[in-house]
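Read the figures in this text as sums done on the coordinates, not as results from a lab. Please read all numbers here as calculations on a predicted model, not as lab measurements. Cβ sites come from the backbone with ideal geometry, for glycine too, and all protein chains shown count toward neighbours.
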Amino acid sequence: MALIGRQESTGAFAKLDSISSGFNGSNTSFNLTLGGRDYFAVNPYTLLVSLGGIIQQPLISFTIVENRINFAAAPPAGTDSFIVVLATTNVEPLRSLTIAKRSGAHNLDLHGRTMAVKDRSGTVHPIGFNLA
């Protein structure tokens, strides 16, 4: 039977590793991992989060900070959960960047890192890298 309605989006959909084992009724913040590696969500709207069979609303029920999900209320112990990434790409993420300068080059680890650059006037500009 053919799909009726809007066609599926391109890209990979992934189910993140379970965080349910950490639910104890008091913790609200949990590491996100995919295949045992830290997962840095692009933004909370790219995640479908279910707690106890109830879909959670981004920015109201949970927020994302780097590779952590922070719930507005602590999930009770024994609550089932799953998190599906709705929008990813099929390419290997950029993990480092080589920046050249007059006296050589520096390799920067970008995964979930921040840095700052100073312009010629001395103003510092923070730059955050949150790569999926």
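Using the Cβ of GLY35 as centre and a radius below 11 Å, the other residues enclosed give a net charge of 0, where K and R count +1 and D and E count -1.
Sorted on the mean count of surrounding Cβ atoms within 10 Å across their residues, most packed first, peptides 18-26, 78-86 read 78-86, 18-26.
Where a ≥ b ≥ c are the square roots of the eigenvalues of the C-alpha gyration tensor, would you call the range 31-80 rounded, which needs a/c under 1.5, or, failing that, prolate if a/b is larger than b/c, or oblate? Oblate shape, in that a/c is at least 1.5 and b/c is the bigger or equal ratio.
Seen from PHE82, the other residues with C-beta closer than 14 Å to its C-beta sum to a net charge of -1, counting Lys and Arg as +1 and Asp and Glu as -1.
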